[in-house]
Structures are given as structure tokens and as C-alpha cells.
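Report on the following structure.
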Amino acid sequence: PQLLLRRRPASAGAFALLARPASSASGGLPPLTTEIHPGIKRGAFSQLTDADVSAFEAIVGGDHVIKDADEVLSYNIDWLRICRGQGQLVLRPKTTEEVSAIVRHCNKRRLAVVPQGGNTGLVGGSVPLFDEIVISTSRMNSLLSIDPVSGVLVAEAGCVLEQLDREAASQGLMMPLDLGAKGSCQIGGNLATNAGGLRLLRYGSLRGTTLGLEAVLPTGQVLDCLTTLRKDNTGYDIKQLLIGSEGTLGIITKAAILCPARPKSVQLAFLGLDSFQAVLDTYRLARRSLGEILSAFEFIDSESMRAVKKNLGLSCPLGEHSFYVLAETSGSNETHDREKLDGFIESVMSMDGCATDGTVAQDAGQFAHLWSLRERIVESLLVDGYEYKYDVSLPLADIYRLVEHMRTRLDGRVIRTAGYGHLGDGNLHLNFTTPKFDAKVLELIEPHVFDWVRDRRGSVSAEHGLGLKKSQYIRHSKADFAVRVMAEVKRLLDPNGIMNPYKVLPDE
Amino acid sequence: KYIHIINKADMAASKGLKILVGCKRVIDYAVKVRVKPDRSGVVTEGVKHSMNPFDEIAVEEAVRMKEKKLAGEAVAISVGPPQSQETLRTALAMGIDRAIHVEIPLAQLEKLQPIHVSKLLAKVCESEKPDLVILGKQAIDDDCNQTGQMLAALLDWPQATFASKIEPSQDSKQLRVTREVDGGLETIDVSVPAVVTSDLRLNEPRYATLPNIMKAKKKPLAKMSPDQLGVDLQPRQEVISVEDPPVRKAGAKVESVEDLVGKLREKGLVK
């Protein structure tokens, strides 16, 4: 059965709708990443030659080798427009064999490459730094199969997440993850970054829902782990190395995903609360009363709501509160779910110091509107000018302490300090905005915010990954020996270091 | 014939109008509708339903009139399956005082038409004696735009359809309704009791707040059957088939005026 969950039919995700500012920082192009990070030196890679270009043309065909500077430029700039690389060439293969041939050639010639899917990453991991060759998976966009009985979907890495979700819907299934970028991000990239999103609370991470994958390793060899079996304990699970490797251990070319059944009934409660303790109490209540049907639990602070109202002109049906919570349920029976939701609301209203104000979406229009108040926060903050984004995991009680601490620390230096995120996952999104990039503000933020998180044994990157921007902070959340083991794995799989260099692992 | 006379000198000073609001449970407007394989209708099983958007506007208007003290009591009514109770709860949560559910057995549901609904509503008006009936101008599933007009005719009451504004008339003895018509806006005065149908720009419906959602559960919801009301639900029409609209064929681009004229000639559209 068809059920529009969160999007109006014509829309394609918040990121696709976003009219990006021409440039947040400089009124034109973002500065070259090499200028922002002058300390990073180009690796001992070869230079691209005409012979290389001819070889690539022979593999993918002349039409799919992009050399034109203007076209290549867009592949060099990340979604947040804080990075600009100097890649000269973009390749757009159609098949795994083509990818394998390309990578084999690059490995032999010692040419650095950057795998790129939807280019919606937020840590500068999907664009070149120097002259790396971009290998785009966009043409590898075939859905290979959906099994309505087992729920297993097999697709090529370049399939856009939202389109996969639509295909799954036609079989009564849904993709197990959902994020604001769904209109543009590709499943290969989702796997490479172990993307989290709004539904991790209910369906778990891609590490659990990915049954198999196929990838091209940095030597050009094809790694076929594309099984559709739910259980297969035969040997080491190598695909887990690739998931979350952010394109540094290989290029994922196909994936087999276990899709849950599409819920028949989705409900959304939107609450206004006046303290963070109330948010935590409400969460506890939600887990108890809504338990198995709870599918999302997000919180938004008043500063984020102010940004969404002022910068995007969206209206909030509740009055001014210090915090807002979105609690979504997904289940198979509307009557049962409404009953559970009613029970939850009754508890919330009668608990002292809990939600004082709230509403329940009555139709799909209200549902989409309420979700947009959360999903469009990133977009609204970009309107301020320049956005400094942080994504951390912390013990629940500490989540808002960090926001208050940083707000005090940056008082007067920033337009706003906004805190919101996946409360159910212990994941805070902490953003600061200034009219233009301000190095002094960045100095006040980093490494202080990462040290604060480290001191509370949190993660300096809950779901966005390390990419380029956070690679030097890996030891804040991982023991040194663990990092050295990672480096060994990298050396093993990528002896020439050509696969997305300068990313994830620190430069040593 | 049903005649109801109001003796009010000044509408604002009286205890206010009694309003009856019609709500229909329809497939949610954001859902992609699918035709059943046997072409007998559309798939409704397991599909999200909600209140007809124009009825939401009607409910909102009734609640606002109460808040402005123009109305004293607002009653919501829905003719439909058991799940129509959900729709009525939404109306109650928005501020309606009580609700009436005329339950239609599943077998007769698909063949229910505006003529039946208007007869049922007319019967309810006999006992409830509202001063004003507000209905959505049309339902988004059948797009008939008939129930309000038929009801007014059955009751022999004045009607003001496609309302974008409802206010007391200058002498406060009637209602001044602004209607959306093809040429623009038409303003008419109607005496009560009357039937008004709501158009899109009448208002923007509110979100139901939690305290009201809780209160709604305790508000009275009465059930009635078509038999009790003595209305015959015999269908007057038979749906032969329901089909998808034809797939839009791709257009063609032409390079020049000559090409265009040539193509038009080919298709026999010009001599």
C-alpha cells in the first residue's frame, strides 16, 4: 500500500530543493581547500597525462570523460561550499568492470582518485584536495532486484536514496534509512559513510541492514560479497571494513539492503518543552509508552527554531519554548497506534514539568510541515552566512551542556549557536553561524569542542564521518593502537595509497 | 417541507448561531491514488485517510465563529464507515462541541452518493435545527460539489457556496458571505437558516493542540443509522469502470516555423 511518509509527491528532499547561496563565505567560489589547509602536502602521486586520458576514454567512452574546466568545477566543490579541490578530470563509468579497469590503471600509474556519489557529505570527504581524479558513480543507477517476500533490495551504488525508497514503496517496503539529503545522496555513498539519519533509532544502522556488497578495491580487483542472505557466518565479514570507510578502502559498486515493511500507520507528535530535563523525561516516557512503534525522536532548541522561522519563513504551530520534540511512530495498525500515542500524550501532559504544549499531525500536509521544521534547519542556518558544523555523540545528560557551554564561550562572536539532533541516538548536531568565515571563531571552537567531547568519552563524529575536516581528531575518540591497526588495513588494501588520500586517517 | 423561523433582532447579542458542520473522511490528499486492478474503483485498503481539506476549513470557520461569539454551539457530522469517528475526533479536537456519526454499512459505502448524504443531513437538520450548515464545497475524492446545494434545496434554505468570507450583515440580521466566482468575488446577504459551503481561502485550519486532543475524547459522539433517519440508500448511479488517465505522450520539438506548419498539416490540424 502506498503511504507518503514525509514528502509531498513533487518534492525531492530538502537538499534538492535548497537554492544554495552562491557562496556562503566569499560571494563567489569557496577558497581552495589547499589554502585553508596549507599544511597538507600533495602525496607522491603521478601527474595526469594525455595517455592516461586516452586510456580512460577507451574504458568509458569519450562522452563520459569530463575534461571541461567549468563542468569539472562542480565536482570539486562540496555541498556545504567550504571545500574546493583542483581535480582536472571526472570519469563516469557505467559498470563494475569499467570501474575496475579505471582503478587498475590508476593503481599501476599511481594516480590518486576520489570516489564520488551524490556529493552531499558534510566533512569534505567526497571532493578532491589536489588533482585527484573524480570517479563518479552517478551512471551506475540501476535497481537490480527487489524481493517482496524477503524484503531484500539489490541496487547499484549510484541509485539515489529517495528513488530506491519509492521503488521499495511499490512493493510495500521502505529503505531502512532516511536523511535530509535523500533526494541527492546515493546508496553507495550512504554505505561508504555508514549514514545514520532520522530512522536509526528504529531500524538500526547500515552495518546491520546491509546484507552484502560488491566493491572495487584500490588494486582494481573486484570484491564480490554481494550476498542476499540474512545469515552467513562464513569467515571474516570484510564488507564491514568498507562500510564507513568513506571511500578510502575501495569503491562500492553494488549493495544488497534488507528493507523493512512499509508501515501502514505513521503518526507524529510535536511537543514544546521548557527544559532539557523535560526533553529527557519525555524521551524516557516515549520509550516506555510507544516502545516498539517509536520510529524517530528528535529535539530542536529555540535557537534552531528561530533560524527556521526567520530565515525560511516557516511557521511553528506552538508558542515559544526552550525546546521542541518530534516523536514519530510507525506501525501496522492505525487504531492500535493512535491508542498508544494517546496513552503517551496523556502521560506527557500529566507528568510534572513535562510537555506543556503540543500537537499531533492530523493529515499528511501537517506531517510534512512539522518534519520540515527539523529537516530544514541546516538550510536555514546557511542563510546566516557561514556555518560551522559539528556532529557528536555524548551521554544524554551532557548533550545540551555542551551547547550551553559553547554558546557562552562564543557569546558575541557568532550570529547563533544552534543545537538539535537525534536525541534517541545520543547524537547532537551543534552549529555556529557567522556572516563570513572567521578564522578566530574557528580557533575558539576547535579543538576545544572536540576536547570537551573526548573528556566525556563521546564521539567527535557521530554520523558525518571524518572526511578531510576531522581526520586529525580521530584519536579523540579512538585509542592510538586502534588507529595504527586501521593504518595497517589501509596499507594492506591500498599499497599505493591512491584511494581518496588525505581523508579519514591522519597524515602520518 | 421543513421550515424553521428565527426571531432574532440582533445576531451578535443573541446566544449565537447553532452551526452544523459536515466532515467527510477521504483518502489523504498527499497520497498517490491507485486504481484497483479490476477497475471497479480505487484502492482504499491500508491507505492513509484524513478529513476532506475543505471540511477542515468548514470546521475551522465554525470554531472561529464560536470564538467571535457569533456562534454558540458547533456540531460536527460525518456520514461514513466506522473510521469516520476518527475524522469526528479531529473536528472535536479543533474545538467543535459534539459530534454525530451516521454510520454506513460497508456494503453500501461505495455506492453512497451526494443525493443520499444530503437527504441524511436534511433529516438530521429536522431534529438538530441548526441556524447554519457549513459544508466543504466539494470532496477531494469525488469532486462532486453537490451536497451543499442539494441540502439547501431539500430544506428550502438559502445557499451561499464557495464562501471565502462569512460575517454578519450590516444590520446584523443576516449573514454576509463573499463568494469566489469565475469573474471574481460576489458578496451576498443570506438569511438564516442557511447552507454555506467553504472554499479554499475562507481560512487556514489550526493544528489541534494536545489539551484539546485530550478534551476531544470526552466530548459526546452520537451514532445514528440511515434506517433510523428513514433514508433509502438505493444507488441511482452505477459506476461502470474507473481508469487511470491516459499516459501523457511526449511532445516533439521543432526547429523552425516551416517544420511546425508541416507537422500541423501532417496531423490534419491545418489545411
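The values are calculated or read from the model by the stated rules, or taken from the named source; none is laboratory data. Everything quoted here is computed from the prediction, not taken from an experiment. Cβ atoms come from the backbone with ideal geometry, glycine included; neighbour counts cover every protein chain shown. Just the protein is used for accessible areas: all its heavy atoms, side chains included, with ligands, DNA and RNA removed. Shrake-Rupley method; radii C 1.70, N 1.55, O 1.52, S 1.80 Å.
Structure data summary
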{"item": "Lone qualifier among B:Val117, B:Val102 - being open to solvent by 10 Å² or more (accessible area, probe 1.4 Å) and under 16 Å from the mean Cα position of the chain (by Cα)", "result": "B:Val117"}
{"item": "Selection status of B:Leu185, away from every other protein chain (no Cβ under 14 Å), farther than 27 Å from B:Pro114 by Cβ and of a type in the set (A, V, I, L, M, F, W, C)", "result": "no"}
{"item": "Members of segment B:43-69 that are away from every other protein chain (no Cβ under 12 Å) and either of a type in the set (Asp, Glu) or closer than 22 Å to B:Thr147 by Cα (or both)", "result": "B:Phe54, B:Ile57, B:Ala58, B:Glu61, B:Ala62, B:Val63, B:Glu67"}
{"item": "Close pairs (7 angstrom Cβ cut-off, 6 or more residues apart or separate chains): closer than 14 Å to A:Leu111 by Cα in segment A:47-75, hydroxyl-bearing (Ser, Thr, Tyr) and open to solvent by less than 70 Å² (accessible area, probe 1.4 Å) anywhere", "result": "none"}
{"item": "Answer from B:Gln108, B:Gln138, B:Gln146 - the residue that is open to solvent by 50 Å² or more (accessible area, probe 1.4 Å), away from chain A (no Cβ under 14 Å), of a type outside the set (Ser, Thr, Tyr) and under 12 Å from the mean Cα position of the chain (by Cα)", "result": "B:Gln146"}
{"item": "Positions within segment B:199-221 being away from every other protein chain (no Cβ under 14 Å) and open to solvent by 60 Å² or more (accessible area, probe 1.4 Å), in sequence order", "result": "B:Arg201, B:Pro220"}
{"item": "Restricting segment A:304-315 to residues that are under 24 Å from A:Glu404 (Cβ atoms) and open to solvent by 50 Å² or more (accessible area, probe 1.4 Å), the residue that is nearest to the other protein chains (Cβ to nearest Cβ)", "result": "A:Lys309"}
{"item": "Candidate set: segment A:249-267, residues that are on the phi < 0 side of the Ramachandran plot, outside any strand (DSSP E or B) and crowded, with 24+ Cβ neighbours inside 10 Å; chosen: the one nearest to the other protein chains (Cβ to nearest Cβ)", "result": "A:Cys259"}
{"item": "Residue ID - most open to solvent (accessible area, probe 1.4 Å), chosen from residues in segment A:316-326 that are in contact with a Lys or Arg (Cβ under 8 Å, 6 or more places away or on another chain) and under 14 Å from A:Glu375 (Cα atoms)", "result": "A:Cys316"}
{"item": "Of all residues making up segment B:14-42, the number that are more than 11 Å from chain A (Cβ to nearest Cβ), of a type outside the set (Lys, Arg) and not in a strand (DSSP E or B)", "result": "7"}
{"item": "Failed item, numbered, when A:Ala286 is tested on (1) part of a helix (DSSP H, G or I); (2) in contact (Cβ under 8 Å) with a residue 12 or more places away in the chain; (3) within 13 Å of another protein chain (Cβ to nearest Cβ); (4) not polar (S, T, N, Q)", "result": "(3)"}
{"item": "Any hit, segment A:118-135, residues being of a type in the set (Asp, Glu) and either free of Cβ contacts under 8 Å to residues at least 12 places away in the same chain or not assigned by the TED database to the domain that holds A:Ser74 (or both)", "result": "no"}
{"item": "Qualifying helices (runs of 4 or more DSSP H) (wholly inside segment A:351-462; at least 1 residues being under 30 Å from B:Asn52 (Cα atoms), in contact (Cβ under 8 Å) with a residue 60 or more places away in the chain and under 18 Å from the mean Cα position of the chain (by Cα))", "result": "A:364-375"}
{"item": "Qualifying residues in segment A:327-350 (those that are crowded, with 18+ Cβ neighbours inside 10 Å, of a type in the set (D, E, K, R) and part of a helix (DSSP H, G or I)) - the one farthest from the other protein chains (Cβ to nearest Cβ)", "result": "A:Lys340"}
{"item": "Any hit, segment A:146-154, residues being closer than 22 Å to A:Thr219 by Cα, touching a Pro at 6+ places or on another chain (Cβ under 9 Å) and not assigned by the TED database to the domain that holds A:Thr434", "result": "no"}
{"item": "Among the candidates B:Val196, B:Val190, B:Val254, residue that is open to solvent by 40 Å² or more (accessible area, probe 1.4 Å), of a type in the set (Val, Ile, Thr) and away from chain A (no Cβ under 14 Å)", "result": "B:Val254"}
{"item": "Count of segment A:268-299 residues which are under 19 Å from A:Cys316 (Cβ atoms), open to solvent by less than 10 Å² (accessible area, probe 1.4 Å) and not charged (D, E, K, R)", "result": "12"}
{"item": "Residue within segment A:458-475 that is open to solvent by 40 Å² or more (accessible area, probe 1.4 Å), more than 22 Å from A:Arg81 (Cα to Cα) and aliphatic (A, V, I, L, M) present", "result": "no"}
{"item": "Counted residues, segment A:463-499 - those being more than 18 Å from the chain's Cα centre (by Cα) and on the phi > 0 side of the Ramachandran plot", "result": "1"}
{"item": "Of all residues in segment B:72-89 being open to solvent by 10 Å² or more (accessible area, probe 1.4 Å) and assigned to a strand (DSSP E or B), the one that is nearest to the other protein chains (Cβ to nearest Cβ)", "result": "B:Val79"}
{"item": "Test: residue in segment A:206-213 that is buried (at least 24 other Cβ atoms within 10 Å of the Cβ) and in contact with a strand residue (DSSP E or B) (Cβ under 7 Å, 6 or more places away or on another chain)", "result": "yes"}
{"item": "Among residues of segment A:446-457, those that are crowded, with 20+ Cβ neighbours inside 10 Å and not aromatic (Phe, Trp, Tyr), counted", "result": "2"}
{"item": "Condition met for B:Ala9 (more than 10 Å from chain A (Cβ to nearest Cβ) and modelled with pLDDT of 95 or more)", "result": "no"}
{"item": "Residues (open to solvent by 20 Å² or more (accessible area, probe 1.4 Å), assigned to a loop (DSSP other than H, G, I, E, B) and closer than 16 Å to A:Gly158 by Cα) located in segment A:173-191", "result": "A:Ser184"}
{"item": "Count - residues of segment B:90-99 that are open to solvent by 10 Å² or more (accessible area, probe 1.4 Å) and either aromatic (Phe, Trp, Tyr) or more than 14 Å from chain A (Cβ to nearest Cβ) (or both)", "result": "2"}
